[in-house]
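Notes for the one structure printed next.
The values are calculated or read from the model by the stated rules, or taken from the named source; none is laboratory data. Keep in mind it's a predicted model, so treat the numbers as computed, not measured. Because the Cβ atoms are built from the backbone with ideal geometry, glycine has one as well, and the counts that use them run over all protein chains shown. Ligands, DNA and RNA are excluded from the accessible area calculation, which covers all protein heavy atoms including side chains. Shrake-Rupley method; radii C 1.70, N 1.55, O 1.52, S 1.80 Å.
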Amino acid sequence: MKMMLWAGLVLVVLGIASLVVPIPRTETHGIKAGDMNIGVETSHNERLSPIVSAVLIAGGIALAIAGARTGTSRN
């Protein structure tokens, strides 16, 4: 099953990337009265929890191993 192997590798790459790359988030707070709009826009860079990254990496490794084993055991 080459598909399981590739899916596992994609999960490993996403898990490693989630440790390094922050996710941007923008919030807008304000008051709108008629045609007038007063507001403040804030921007935050957040990272995923290391637990989520570890789960992605572990799941990817498990899928890659399962895909490699099923691909080599064909008769």
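Anything in the stretch 37-72 that is open to solvent by 80 Å² or more (accessible area, probe 1.4 Å), without any contact (Cβ under 8 Å) to a residue 12 or more places away in the chain and among the polar types (S, T, N, Q)? List them, or say none.
The answer is Asn37, Thr72.
For every residue, the table says whether it meets (1) in contact with a Pro (Cβ under 8 Å, 6 or more places away or on another chain); (2) in a helix (DSSP H, G or I).
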residue: Pro24; (1), (2): no, no
residue: Ser43; (1), (2): yes, no
residue: Val55; (1), (2): no, yes
residue: Gly67; (1), (2): no, yes
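Among the residues of the stretch 8-36, count how many are within 29 Å of Leu63 (Cα to Cα) and surrounded by 10 or more Cβ atoms within 10 Å (Cβ to Cβ).
So the count comes out to 15.
Within the stretch 27-55, work out how many residues are in contact with a Ser or Thr (Cβ under 6 Å, 6 or more places away or on another chain) and among the aliphatic types (A, V, I, L, M). Steps first, please.
The initial filter retains those residues of the stretch 27-55 that are in contact with a Ser or Thr (Cβ under 6 Å, 6 or more places away or on another chain), namely 27, 39, 41, 43, 48, 53.
Next cut, among the aliphatic types (A, V, I, L, M) only: 48.
Count: 1.
When only residues in the stretch 47-68 that are of a type outside the set (Val, Ile, Thr) and under 12 Å from the mean Cα position of the chain (by Cα) count, which is nearest to Val10 (Cα to Cα)?
Within the stretch 47-68, the first condition is being of a type outside the set (Val, Ile, Thr), and the residues that meet it are 47-50, 53-54, 56, 58-60, 62-64, 66-68.
So of that shortlist, the ones also under 12 Å from the mean Cα position of the chain (by Cα) come out as 47-50, 53-54, 56.
On the way: Arg47: 19, Leu48: 17, Ser49: 19, Pro50: 18, Ser53: 13, Ala54: 14, Leu56: 10 Å.
Once the filter is applied, the top-ranked residue is Leu56.
With the condition kept exactly as written, say whether any residue in the stretch 23-42 is within 21 Å of the chain's Cα centre (by Cα) and aliphatic (A, V, I, L, M). Working first, answer last.
So in the stretch 23-42, the residues within 21 Å of the chain's Cα centre (by Cα) come out as 23-27.
Checking the rest, the ones that are also aliphatic (A, V, I, L, M) come to 23.
Yes: one or more hits.
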